[in-house]
1. Is there a quick way to get the dipole size of segment A:36-451? I mean about its Cα centre, with the Cβ of Lys and Arg at +1 and of Asp and Glu at -1; what is the value in debye to the nearest 20?
2. Show me A:298-310, B:243-255 ranked by packing, highest mean number of other Cβ atoms within 10 Å first.
3. Count the net charge of all other residues whose Cβ sits under 14 Å from the Cβ of B:THR158, scoring Lys and Arg as +1 and Asp and Glu as -1.
4. What is the Cα centroid distance between segment A:275-299 and segment A:157-226, reported in whole angstrom?
5. How much accessible area per residue does segment B:2-334 have, counting only protein heavy atoms and a probe of 1.4 Å, in square angstrom?
6. If you restrict to DSSP beta bridges whose two residues both lie in segment A:36-451, what percentage is antiparallel, to the nearest 5?
7. Find the Rg to Rh ratio for segment A:36-451, where Rh is the Kirkwood radius over alpha-carbon pairs and Rg uses the same atoms.
8. Counting only other chains, what is the mean number of Cβ atoms within 10 angstrom of the Cβ of each residue in peptide B:199-212?
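The values are calculated or read from the model by the stated rules, or taken from the named source; none is laboratory data. Because the structure is predicted, anything quoted here is derived from the model rather than measured. Note: ideal-geometry Cβ built from the backbone for every residue, glycine included; neighbour counts use all protein chains shown. Each accessible area value is taken on the protein alone, full model and side chains, heavy atoms only, with ligands, DNA and RNA left out. Shrake-Rupley method; radii C 1.70, N 1.55, O 1.52, S 1.80 Å.
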Amino acid sequence: MKKSNLKTKLLASITCLSFGFTGLANAGAHSEDVYGPFPVTLKGYSGDCTNTVSYSGQIARHVQHDSLKYLSTKGDYDEMNAYYSGSDKNKQIWAPASKEGFPIKQILLNDISSGKNLSGKTYKGTITAWPNNMTGPEVIDFWMSKAESNPKDVSVGLNYQQLISKFIMGAVFYNQAVDNYLDEKMEADTKPNDKPYKDGACYTGKEHSWDEAFGYWGAAAHSLLLSAEQNYNVAKKKDLASADFNSDGVVDLKSEYVFAHAYYASSFDKGGKTSYLEDITRAFLNGRKLITSANGEKLTDAKRSELMGYVSIISDNWEKVIAESVFKYAGSTYKSLVALEDVTNADLPKEFDKYMKYWGELKGFSMALQVGKDNIGETGTKLNRMVGFGPMLLDETQIVGIDVNGNYVMDKIYSMNDAKLHMLKIQKLMIDQFGIEARANDMLSDMADLASKIGTSESAEND
Amino acid sequence: MEIFFDIFQNLVDQFTNPKKRVFILYLFISILIAAGWLILHKKKSLKESIKFIFNPKVFFSKSATSDYKVFFINQVIMLLISPHLLTQITIATALYFFFFEISFLDMGLFATTPKYVIISLFTLTHFIVDDFSKYIVHRWMHRWPFLWALHKVHHSATNLTPMTVFRTHPLEGLVFTLRSAFAQGLTISTFVYFFAGGVDLYTVLGANLFVFLFNVFGSNLRHSHIGIRYWRWLEYILISPAQHHLHHSVAKEHYNKNYGAALAIWDWVFGSLHHSEDTETLTLGLGTNDDQKKHSLKELYLIPFVESFKFLKRNFKSIFLFKKIKKNKSEIYYEKFPQ
């Protein structure tokens with residue numbers, strides 16, 4: 001009896017010790033899978049800096065975007081523009097803001113970074129998905145001015161909050177990351193690794209360019225330690241324990257929160273079919289380790305080529321995350337179109353509101369898809385024609401243009417049935433062109449399920 | 001390395017997947033049915049029946065051996081080409097979109113139909129459409145000379161075993177795959193469009209209920225030396241193994257008969273039905289003097305290409321201008337044609 005007691009105690013002690021060691025091991029493993037800190041590698045640097053990771057400017061822009069999204073339903077153009085174009089004043093962070101059980105460390109924009117704006121970083125090319133050859137910033141400005149008087153304009157079916165938010169995520173974060181920092185700034189002679197990013201900086205050109213792209217991606221520095229579900233709940237402000245990596249009781253927006261496309265990636269990944277968040281975040285981490293390993297020397301051709309391999313993983317998967325979003329909201333819009341056919345008068349306002357929201361998300365994401373590094377060509381044209389400039393209204397009219405006074409021109413160009421068909425074709429287009437796999441709200445899945453139940457059509461048999 | 005694993009997996013799948021004809025359970029049940037037939041109808045003893053069923057002269061004949069080779073080679077070929085073939089889902093999606101374009105076709109028109117009715121209808125329709133398309137394509141295989149050049153690979157078998165089902169030229173395999181994709185694509189798209197979300201399939205062990213029944217009731221005996229015959233009335237509805245054996249016979253009166261796979265109805269309706277006879281004395285094959293030479297890989301793979309191509313070349317103009325095709329009696333692919 002005594003012997004067995006001793007045995008139990010020994011086992012218990014070993015178990016406790018193992019857990020203790022596992023805990024320590026985890027703490028040690030953290031540094032391996034966390035984005036930063038990374039040491040100074042710049043030759044000749046003599047300042048106090050010990051950690052070269054810095055992307056607070058990007059986090060400030062995420063916060064400006066979130067706050068602008070919050071304000072876009074409040075009807076104040078100047079206030080919206082203060083967040084879009086930047087303001088001299090130290091503005092309040094409207095979103096993400098603290099809530100019970102999820103305290104956020106920063107309250108004012110300057111607590112993160114000062115002097116930042118979104119307008120200067122918005123894609124300046126012509127936006128063919130919107131009438132009148134506007135540039136990216138002009139489209140946002142047009143929408144903000146419209147949102148001032150009518151944030152949800154039932155007469156034309158536009159939900160400006162969704163349009164503004166989803167397009168900015170593409171035209172600023174996605175575009176800046178894949179078309180600037182991971183493109184031009186990764187060229188051999190641009191922002192080289194043997195020189196500071198700017199005079200006086202402790203980080204090299206390549207180190208900081210890479211960090212800025214990571215900042216735009218929106219993952220938390222420790223996202224790789226969390227499951228997709230946990231990352232999703234951090235973005236939803238539901239899981240303080242997962243967010244608070246340094247256990248100081250508050251969530252530091254600079255490194256502990258999940259923003260923008262990283263959040264959308266987690267929403268798809270938690271379905272279990274994809275691993276966009278992990279793949280992209282790990283490629284960022286591995287790329288940063290590779291740059292750090294160059295130890296302040298110019299990247300060799302071999303290292304730069306390896307780095308460009310990580311760039312491809314990031315760009316391709318990021319594009320897929322946006323294509324998944326287009327797919328998802330084409331499905332939601334289709335469902336709304338079906339629901340609107342039989343809706344009662346009492347439920348119509350609620351149902352139409354949902355329809356405007358879904359179409360707005362679809363439009364915003366579809367525009368975002370077209371401001372990446374590569375011109376998606378005919379796919380973009382098809383997408384723009386099928387999504388349209390505005391959702392089809394119940395009288396089968398929709399926006400077909402904008403007149404010189406900025407008023408929408410409405411007309412009937414195709415039927416409600418065609419509008420539904422377009423949503424299905426958009427889903428097929430996303431599968432065919434981008435090979436997406438999560439496929440939320442798949443409207444054609446019934447057929448795929450049946451086909452798989454019946455089995456392969458391949459047959460070299462003579463019955 | 002991975003490809004070898006895939007080939008091995010495909011081969012094993014043929015015998016372990018209940019959606020496949022030679023699933024081990026179906027083969028076993030076929031043996032029981034054959035034994036039952038021989039004992040009860042042919043009055044053989046159990047020992048005699050077993051000896052007859054497992055006759056090594058059949059299973060190790062030149063013909064059967066070439067079946068096994070073709071089975072193996074085709075698995076490899078199909079594995080390589082199948083990713084590039086049109087699938088049922090591509091066709092179903094295209095048709096589904098096409099239905100949308102037709103304004104008078106209301107999507108979900110029958111969506112309120114009870115679910116069990118929808119599933120029963122779909123299960124039955126899938127089986128019937130699939131079977132009918134098999135009949136039509138099989139008929140073409142005999143009627144069109146350039147297709148017959150391919151299909152005669154199957155008919156060159158001088159002994160029938162369950163593995164003869166795989167004795168198929170790869171090009172013919174392509175035609176069959178397209179047929180299957182169209183038949184399934186048509187059924188799936190039509191049902192999903194008109195019945196909306198409630199479409200499903202009644203299955204047993206994962207296979208369509210009717211396909212399962214067809215296989216359980218001895219589909220493997222169609223290609224065998226056990227000439228089971230049905231009652232005359234039943235042979236108007238279902239093709240008996242003996243009826244299919246007649247289809248393989250070299251006798252002129254059996255030419256162009258019994259094209260059906262599971263249902264005999266199509267043969268009955270389109271005038272190609274032939275009731276069964278005692279098949280023990282039937283001679284099987286192409287009916288040429290050198291039938292035993294038709295089992296080489298050259299004859300099974302290469303010659304059909306050459307003959308099919310020759311025919312198309314010679315009749316290119318006639319085919320595309322819908323003119324009468326010139327007949328050349330010296331060519332082998334006319335052997336089974338109505339002259």
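1. Values: 46 positive and 55 negative charges, 82 e Å.
Result for segment A:36-451 is approximately 400 debye, rounded to the nearest 20.
2. Values: A:298-310: 15.3, B:243-255: 19.3.
Top of the packing list down: B:243-255, A:298-310.
3. Details: positive: B:LYS57, B:LYS62, B:LYS152, B:ARG167, B:LYS293, B:LYS294; negative: B:ASP67, B:ASP290, B:ASP291, B:GLU299.
Computed value for this residue: +2.
4. Here the two parts' Cα centres lie 13 Å apart.
5. Numbers: 16230 Å² over 333 residues.
I get 49 Å² per residue for segment B:2-334.
6. Numbers: 10 of 11 bridges.
Counting only bridges with both partners in segment A:36-451, antiparallel ones make up about 90 percent.
7. Numbers: Rg = 21.7 Å, Rh = 22.2 Å.
Looking at segment A:36-451, the ratio lands at 0.98.
8. On the way: counts 4, 4, 4, 0, 2, 0, 0, 3, 3, 3, 0, 0, 2, 0.
Across B:199-212, the average partner-chain Cβ count within 10 Å equals 2.
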